1. Take 111, 28, 319, 41 and order them by how many other Cβ atoms sit within 10 Å, fewest up front.
2. Which value, in debye to the nearest 20, gives the size of the charge dipole of the stretch 343-401 about its Cα centre, when Lys and Arg are +1 and Asp and Glu are -1 at the Cβ?
3. Per residue of the stretch 155-165, what does 6.51 cos²θ - 1.76 cosθ + 1.60 with θ = phi - 60° give for ³J(HN,Hα)? Whole Hz please, x for Gly and Pro, Karplus curve as stated.
4. Of 301, 30, how do they rank once you tally other Cβ atoms within 10 Å and put the fewest first?
5. Can you return the aspartates and glutamates within cross-link range of residue 41? Criterion is Cα-Cα under 14 Å, with same-chain partners fewer than 8 residues away left out.
6. What nm value, rounded to one decimal, do you get for the distance between residue 310 and residue 353 when each label is placed 7 Å out toward the C-beta?
7. Please arrange 266, 65, 344 by how many other C-beta atoms lie within 10 Å of their C-beta, fewest to most.
Amino acid sequence: MAGARTPGSDRPVAAHSVVGIADLLAAKEMVIVCGSGGVGKTTIAASLAAEAVVHVGGRVLVLTVDPARRLANALGLQAFGNAETQIPAEAFSAAGVTPRGELWAAMLDTKAGWDELIHRHAPDPEIRDTVLANPLYQNITGRFVQSHDYIAMERLHEIHATGLYDLVIIDTPPSRNALDILDAPGRMMEFFGSRLLRWLTVPYRSRLFTAASKPFYQVADRVLGSRFLQDIAEFFVLFQTMEQGFIERAREVESLLSDQRTSFLVVSTLEAAPAHEAAFLATALRDRQLPLGGIVINRSMPTVLREPAVAKAAGKLRKAAQAGALADDLGRLLSADAVVVRGVLTEVADRFHDIAMVAAREAERRSELERLAPFTVTAPSLEHDIHDLRGLLELGDHLWG
């Protein structure tokens, strides 16, 4: 893609509007891959990162939430974690390509992310150590205001602030609601002003209230376990000492999400539920004036299935199978029983109608999604699982296309 180059980088700066994946990855510094669970976000994110390294250059980081070993293996690693790890050049050589840049990978570790936040925002070492040592700390943070979503956004902000990478691609956590990832920073700010937090911490800020509520806490401790509510209250009293830092950082994260250097990619299949969720998310991004780059349609059926000539061929196949000569010839060629071959050919021809109906429904959903984004790209269902960098690049070639 033509354009000026950023000082100290091999990555070109876009000289025209973004019209596809190639332009998007060259023009942006952060790409947030989102969508409902099970649509292939993790694989798409890793594939796009690999393609950017090969075609665009620069230092590219993919931050994933998928702990599966198969992804580490696909990237040429034994394992990886919260710290960024460079993908060895040998992995690209084995895939038959020469990269123009460097590929790095990291896996989102929620516990490590919270620990880093506490270290960053604690006003002094004593409070930091007390919070980290609280017996309910790990349990609370694991369920705290969509913890995984908030840590993902924090980690993105932290990595971007280092300036070490020309492009960061983040694979967002699977969420029950498509907007969880967008709402996480705001929910953190809301929490510090919530009635629940005041209720938990007032007993430890008011002697009068403590005396009045002591019988309740004693009953609660007998039911829930010794010092249960006290441990919670003490934790949030300490947590409130870090309120300003958390709120400021949440505002910075919200600002980063709307920055023109950031773009969202919505990933979906053309099944009914994921497509509906993708449309909902794309509309929400537009309503919130967040930069939607495009929509990736994953595991799509071939468009050829909708062509009239293909349906006509399926009809002819059925007639030929019933006539007998075709089944006899194939039976001899395959050393198979002609009756069995005839049954297989007839079943294939009959099933084509059902497949064509599914393809037609997919076309309708594709058309609906195409109206919601600047561009859409399609990745077909591959005939094999992706287990190495070559597979990621094969998938990426369909997207880059």
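1. Numbers: 111 14, 28 24, 319 11, 41 27.
Ascending number of Cβ neighbours within 10 Å: 319, 111, 28, 41.
2. Dipole of the stretch 343-401, to the nearest 20 debye: 240 debye.
3. Computed from phi, the couplings for the stretch 155-165 are 5, 4, 4, 4, 5, 4, 5, 5, x, 7, 10 Hz.
4. Going from sparsest to densest Cβ surroundings: 301, 30.
5. Filter leaves 66, 171, 277.
6. With each label placed 7 Å out from Cα toward Cβ, I get 1.8 nm.
7. Numbers: 266 30, 65 20, 344 13.
So the residues, fewest neighbours to most, are 344, 65, 266.
Since every read-out is calculated from the coordinates, none of them should be taken as a lab result. Computed from a predicted model, the values in this text were never measured in an experiment. When we count neighbours, we look across all protein chains shown, and the Cβ atoms used for this are built from the backbone with ideal geometry, even at glycine.
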